[in-house]
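J.: Before I ask anything, let me first share the structure, which is written out below as structure tokens.
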Amino acid sequence: MRLTDDLKYTDQLLQLTKEFSSKFLSATDKLAPHKEIRSLPSVSLPVAGLGGVATLEKFRQHYGDALTAATGPRYWGFVTGGVTPAALMGDWITSVLDLNGSNSGSVAAHIEKDVVEQLRKLFGLPEQFLGAFVSGATMANFTGLAMARQWIGEQQGVNIAADGLSAVKDIKVLAAVPHSSILKSMSMLGIGRNNLVRIPAIPNRESIDLHALEYYLREHPGQSFIIVASAGTVNTVDFDDIAALAVLKKKYNCWLHVDAAFGGFAACSEDFAHLLQGWEEADSITVDAHKWLNVPYDAAMIFARHPALQLSVFQNPGAAYLGDPFASFHYSNYIPENSRRLRALPVWFTLQAYGQEGYRYIVDNNVRLARKLGTYIAAEPALKLLAPVRLCVVCFTLDVAAAEQEAAVDGLLERINNSGVVYMTRTVYAGQAAIRAALVNWRTTDKDIEIVWATMQKMLIRK
Ligand SMILES: *Cc1c(COP(=O)(O)O)cnc(C)c1O
């Protein structure tokens, strides 16, 4: 039996896995951050298993050439970071322990409570916030909006969690530049994507126009809304004025959800914490961990200050084996997932290993490097910086005639990404095809900026 053999040789299997991992990690600097894999031969299900040793070899043979340094210093796609060494330790141990992160009686819940407390301090949020881990910022936004939906129901005397949506009058979400996952959450929650009311942004910005918002609120007296604030838009890392939104939220009796998926890490830096001013007044807050915290997928946090309402939405009623949801605290009664991985442990490891200062350094360093790249781009006549580099994202395009822009941007991006040196992603900003470089990896240095810039210069077609 392969299984019993593998049990005997677990130590050797871990050793082989460790060797594979070390070799891979020491090569991340040279390995392409991204490869476009169109197709791969599929692997069929074996009747008799191969055992761990041969399976690792087969994995290497089948996928070895397709592997990429997504965890490396020049993966600048989306806004996803890498994995710190201590986070990797914690993640390995998470799988070794295989604890159910929702079991309130085990050490798991204590670790999660402890790490949520540490994160609350890191972010400077008040004690009233209950924090919990979910699988990503999409799920955190979903969780926040589920609570907001329940709250809107309460304003109309309807308990949506118990009686469903049919008795509530339309639920509207007000936002200027919400992330796509807000719309996805609205769809999943039965609010409906068409119930997003897009409030204009300030000219040349992605930050909500407060006058336009207040005008809308004043025009709908007596109605409560869900306001979604962006704390870091993905194209230009613009922030809504959260403190002003908090004032409007109180004045017009609204729910304020802050999507701070990666922008929440501005709190780690003395220079940028002010961008989040007022977020402590929010009702619910999303922060992603697999972004600037540099822990492995999939981890994010939802912070909210209405535990009774949260329990009314996410409780497991009548599940005797889970205990009385009102008598003892159980994470599974506060979030969508029941059983789940102990995602808090890699976070615990990385926070203990690098502390507040470590994260201040990562954030400040990434912003400094992004601004350096932004300075190069701004000074290059063939390119056009589309917004000031506010934090960690550089958004730029080619300075060509409008009719040629789309094709020119696609061509340049393809050359950049095929170089094997760096990976960036495509976007549209202010009606223009554009490229984004998002720097949130702890490993990125000045040398990486120089390597990328030298590579890009070779690809530019000058007039
Ligand atoms: C990345 C991101 C999300 C979605 O996060 P996932 O982890 O991919 O689910 C939501 N909001 C913002 C602002 C983001 O940057």
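J.: Which residues, taken from the stretch 58-82, are more than 16 Å from the ligand (Cβ to nearest atom), hydrophobic (A, V, I, L, M, F, W, C) and under 16 Å from ALA370 (Cα atoms)?
T.: Selection gives nothing.
J.: Which residues, taken from the stretch 288-331, are within 30 Å of TYR354 (Cβ to Cβ) and small (Gly, Ala, Ser)?
T.: Once the filter is applied, which keeps residues that are within 30 Å of TYR354 (Cβ to Cβ) and small (Gly, Ala, Ser), the stretch 288-331 yields ALA289, ALA299, ALA300, ALA304.
J.: Follow-up. Between a residue in the stretch 391-410 that is over 16 Å from ALA437 (Cβ atoms) and any residue that is part of a helix (DSSP H, G or I), which pairs come within a Cβ distance under 6 Å, given they are 6 or more apart or on different chains?
T.: VAL400/ALA408
J.: Before we move on, is LYS250 within 15 Å of the ligand (Cβ to nearest atom), outside any loop (DSSP other than H, G, I, E, B), surrounded by fewer than 23 Cβ atoms within 10 Å (Cβ to Cβ) and among the basic types (Lys, Arg)?
T.: So LYS250 fails the test.
J.: Let me ask something else. Just name the residue that is surrounded by the fewest Cβ atoms within 10 Å (Cβ to Cβ) out of those in the stretch 274-299 that are away from the ligand (no atom under 11 Å from the Cβ) and in a loop (DSSP other than H, G, I, E, B).
T.: Per the criteria, the residue is GLN277.
J.: Given the condition buried (at least 21 other Cβ atoms within 10 Å of the Cβ), modelled with pLDDT of 95 or more and assigned to a loop (DSSP other than H, G, I, E, B), answer yes or no: does some residue in the stretch 111-128 qualify?
T.: The answer is yes, given that some residue of the stretch 111-128 is buried (at least 21 other Cβ atoms within 10 Å of the Cβ), modelled with pLDDT of 95 or more and assigned to a loop (DSSP other than H, G, I, E, B).
J.: Which of the residues belonging to the stretch 447-463 are touching a residue at least 12 places away in the same chain (Cβ under 8 Å) and either closer than 18 Å to LYS30 by Cβ or of a type in the set (Lys, Arg) (or both)?
T.: If the condition is that a residue be touching a residue at least 12 places away in the same chain (Cβ under 8 Å) and either closer than 18 Å to LYS30 by Cβ or of a type in the set (Lys, Arg) (or both), then ASP448, ILE449, ILE451, VAL452, THR455, ARG462, LYS463 are the ones that fit.
J.: Is there a residue in the stretch 208-224 that is surrounded by fewer than 18 Cβ atoms within 10 Å (Cβ to Cβ), within 11 Å of the ligand (Cβ to nearest atom) and at pLDDT 95 or above?
T.: no
J.: Do we find a residue being under 30 Å from ALA132 (Cβ atoms) and touching a strand residue (DSSP E or B) at 6+ places or on another chain (Cβ under 7 Å) anywhere in the stretch 55-75?
T.: Yes, there is a match, as at least one residue in the stretch 55-75 is under 30 Å from ALA132 (Cβ atoms) and touching a strand residue (DSSP E or B) at 6+ places or on another chain (Cβ under 7 Å).
J.: Can you tell me how many residues in the stretch 184-207 are in a helix (DSSP H, G or I), away from the ligand (no atom under 16 Å from the Cβ) and either touching a Gly at 6+ places or on another chain (Cβ under 9 Å) or without any contact (Cβ under 8 Å) to a residue 24 or more places away in the chain (or both)?
T.: Number satisfying all stated conditions: 1.
J.: Oh, and also: Identify all residues within the stretch 300-340 that are of a type in the set (Phe, Trp, Tyr) and surrounded by fewer than 17 Cβ atoms within 10 Å (Cβ to Cβ); write none if there are none.
T.: Matches in the stretch 300-340: TYR321, PHE326, PHE329.
J.: Would you point out the residue of the stretch 324-346, among those that are more than 30 Å from PRO85 (Cα to Cα) and touching a residue at least 40 places away in the same chain (Cβ under 8 Å), that is nearest to the chain's Cα centre (by Cα)?
T.: Here the residue is TYR334.
Rundown of residues vs (1) buried (at least 18 other Cβ atoms within 10 Å of the Cβ); (2) within 15 Å of the ligand (Cβ to nearest atom); (3) touching a residue at least 12 places away in the same chain (Cβ under 8 Å); (4) not in a strand (DSSP E or B), yes/no style:
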residue	(1), (2), (3), (4)
ASN141	yes, yes, yes, yes
ARG149	yes, no, yes, yes
ILE152	yes, no, yes, yes
LEU165	no, no, yes, yes
PRO178	yes, yes, yes, yes
ILE182	yes, yes, yes, yes
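The values are calculated or read from the model by the stated rules, or taken from the named source; none is laboratory data. Quick caveat, the model's predicted, so the values are computed rather than measured. No Cβ is skipped: glycine too gets one built from the backbone with ideal geometry, and neighbour counts run over all protein chains shown.
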